[in-house]
């Protein structure tokens with residue numbers, strides 16, 4: 001058996017706001033525009049990997065702990081990009097779309113990174129790695 005992850009599901013408070021953030025600020029393509037009554041939304045990424053946004057009140061119905069806290073902690077979603085400028089561009093778009101800065105910007109000999117949390121508090125870190 002080959003170990004792999006096919007999708008990550010994030011619980012979100014408002015599916016439409018999260019759709020606008022991920023489609024508009026992060027440039028992800030959704031399977032469809034969310035409609036009233038939808039409980040989840042799928043963004044197909046590369047190599048059979050997807051990001052699923054699930055409306056929190058519905059997500060908690062099948063979560064292992066339905067009383068869990070309403071924010072995310074304990075993991076960071078990371079993305080490699082092709083330049084330091086692209087890190088800054090993604091961060092700027094994310095902040096315009098309602099994200100909050102997370103941590104400090106790091107300009108290191110190996111590369112450059114910046115972090116933010118999305119409108120629901122899921123933390124992201126964008127990396128440029130110098131080769």
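Remark: pairs (first residue in the range 88-99, touching a residue at least 24 places away in the same chain (Cβ under 8 Å); second residue surrounded by fewer than 16 Cβ atoms within 10 Å (Cβ to Cβ); Cβ separation under 7 Å; 6+ apart in sequence or on different chains) = 97/24. Among the residues of the range 22-51, those identified as in contact with a strand residue (DSSP E or B) (Cβ under 9 Å, 6 or more places away or on another chain) and within 21 Å of residue 126 (Cβ to Cβ) are 22, 23, 26, 28, 29, 30, 43, 44, 45, 49, 50, 51.
FYI, it's all coordinate maths here, none of it is from the lab. What you are looking at is a predicted structure, and each value in this text was computed from that prediction instead of being measured. In this analysis, Cβ positions are derived from the backbone assuming ideal geometry, glycine residues included, and neighbour counts consider all displayed protein chains.
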